[in-house]
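Asks: Just passing along the structure, written as structure tokens.
The values are calculated or read from the model by the stated rules, or taken from the named source; none is laboratory data. As the structure is a computational prediction, the values presented were derived from the model and not from experiment. Cβ sites come from the backbone with ideal geometry, for glycine too, and all protein chains shown count toward neighbours. Surface areas here come from the heavy atoms of the whole protein model, side chains and all, with no ligands, DNA or RNA. Shrake-Rupley method; radii C 1.70, N 1.55, O 1.52, S 1.80 Å.
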Amino acid sequence: MMERALALARSGVGLASPNPCVGAVLVQQGQVVGSGLYTYAGVKHAEVLALEQAGEQARGATLYINLEPCSHQGRTPPCADALVAAGIARVVAAMPDPNPQVSGRGFERLRSAGVEVEVGLGRDEARRLNEGFAVYIRQRRPLVTLKAAMTLDGKIAPPPGDSHNPTALGAGGVSGGWITSEAARAHVQELRHEHDATLVGVGTVIADDPLLTDRSGRERRRPLLRVILDSRLRLPLESRVVKTVRDDVLVLCSFAEEHKKRRLEELGVRVEQVPLGAPDGRPGMKAIAERLGALEIASLLIEGGAMVNWAALASGVVDKVFLYYAPKILAGTGSVPFAAGAGFRRMSEAAYVSSFTLHRFGEDFALEGYLRDPYHE
């Protein structure tokens, strides 16, 4: 039953942000009598939808849910109160709500009314599902995932100067063909669907002319925000990103040449200046994260080149990595590394990836891991 609740919650990916994905299942004598899925546009919470479906059969039932029922007044009344009023006998929840306004208070409200509460079943999957919400609701910035595709020796492209593939989209498109397999590239679309925004440097747009869209085929409440880091507004007006703009392209710059800015805005591109992050004139990553948080972006996927990857790591904004590896070796000092720049000077300063999981995509594999726990500031 918890797996059914988690499956419902998973179907809310792309539809619930910046709020959490929540699925609820009501069970009476071993039979499902009501279920609900939260979507931002639908407003009503999963618990309330399940109660409405169950009607009188809710009295004495058990609720399975992936997240603690809320105890505060938001766009809707507290769900904990609705469960008590409906006569729910037992609540099985995967995890507490990371929202400081709830954070155990929903469980307290239920227990004080005599409802039996169990917490922890399906916890790991539930945490993974709403980690973006956990960061956003407490820090008002997105969870930042750094994604890259590379060879076994950590190269993301052959030496510069070779002609790039103009159709290089997703993971690992470089001169002479793809680094990663079709299976890995298909998964990139799923990864994009899980995020509210993706970010690349303007160099990637100039070299590869990518679309940067979510082509998973799954429904979204709002389009994937395509963020271009472009310090001096070099974004080509004829690029596919500009040609396909649907109020979903944001260019962040340090210096805005008024004529170029006006022309981009006439084409539907949003252009904003953000504070510098370093003497090299690039916009600051921390300022970018704060700005995206203000736009209710709860999760950001960085798909940049070597310099953008280093800027993100050096700034400390990266929460997790999703690194695809192909069984290939480019070698040579001229090949482009995953992260360039100055690099960390001591082993003790190196970014440490923990709690990692390995995924297999045909002949390729990927490492998903964390630089810090999304549930702790």
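Asks: Loop by DSSP (not H, G, I, E, B), at most 12 other beta-carbon atoms within 10 Å: where is the longest site-free stretch of the chain for trypsin sites (Lys or Arg not before Pro)?
Replies: Counting at most 12 other Cβ atoms within 10 Å as exposed, the longest clean stretch of the chain is 76-245.
Asks: Now a separate question. Probe radius 1.4 Å, ligands and nucleic acids ignored: give me the carbon and sulfur share of the accessible area of the chain as a rounded percent.
Replies: 52 percent
Asks: Could I ask something else about it? What does the accessible area of MET2 come to, in Å² to the nearest 10, when a probe of 1.4 Å is used?
Replies: For MET2, solvent-accessible area is about 10 Å².
Asks: How many angstrom separate the Cα center of region 302-377 from the Cα center of region 218-288?
Replies: 24 Å
Asks: Moving on. Taking a 1.4 Å probe, which of HIS376, HIS45, HIS195 shows the most accessible area, and what order do the others take after it?
Replies: HIS376, HIS45, HIS195
Asks: Under the rule a/c < 1.5 gives rounded, and otherwise a/b versus b/c splits prolate from oblate, where does region 279-359 land using the Cα gyration tensor?
Replies: Cα axes put region 279-359 in the prolate bin.
Asks: If you rank THR244, THR76 by how much accessible surface each has, with a 1.4 Å probe, what is the order from largest down?
Replies: Largest to smallest exposure gives the sequence THR244, THR76.
Asks: Whole-Hz Karplus ³J(HN,Hα) for region 53-58, in order, using 6.51 cos²θ - 1.76 cosθ + 1.60 and θ = phi - 60°, x for Gly and Pro?
Replies: 3J(HN,Hα) across region 53-58, in whole Hz: 5, 6, x, 5, 5, 6.
Asks: Let me ask another. If I stretch the segment between GLU3 and ARG222 completely, what's the gain in nm (0.36 nm per residue apart, minus their alpha carbon distance), one decimal?
Replies: 76.1 nm
Asks: Moving to a separate point now. In Å², and per residue, what accessible area does the chain have when probed at 1.4 Å with the other protein chains present?
Replies: Details: 16650 Å² over 377 residues.
The answer is 44 Å² per residue.
Asks: With a 1.4 Å probe and all protein chains in place, put TRP310, TRP178 in order of accessible area, largest first.
Replies: These residues rank, largest area first, as TRP178, TRP310.
Asks: Roughly how many Å² of GLU257 are accessible to a 1.4 Å probe, to the nearest 10?
Replies: The value for GLU257 is about 100 Å².
Asks: Give the total of Lys-Lys pairs in the chain with Cα-Cα distances below 19 Å; include a pair only if its members are 8 or more places apart or on different chains.
Replies: Numbers: LYS147/LYS155; LYS147/LYS286; LYS147/LYS320; LYS147/LYS328; LYS155/LYS328; LYS243/LYS260; LYS243/LYS261; LYS286/LYS320.
Going through the chain pair by pair, I get 8.
Asks: Here's a follow-up. As a check on your grasp of the helix formula, calculate [θ] at 222 nm for the chain: sum -39500 (n - 2.57) over DSSP H runs of n ≥ 4, divide by the residue count, round to the nearest 500.
Replies: Calculated at 222 nm, the ellipticity per residue is -7500 deg cm²/dmol.
Asks: With a 1.4 Å probe and all protein chains kept in place, how much accessible area does ASP124 have, in Å² rounded to the nearest 10?
Replies: 110 Å²
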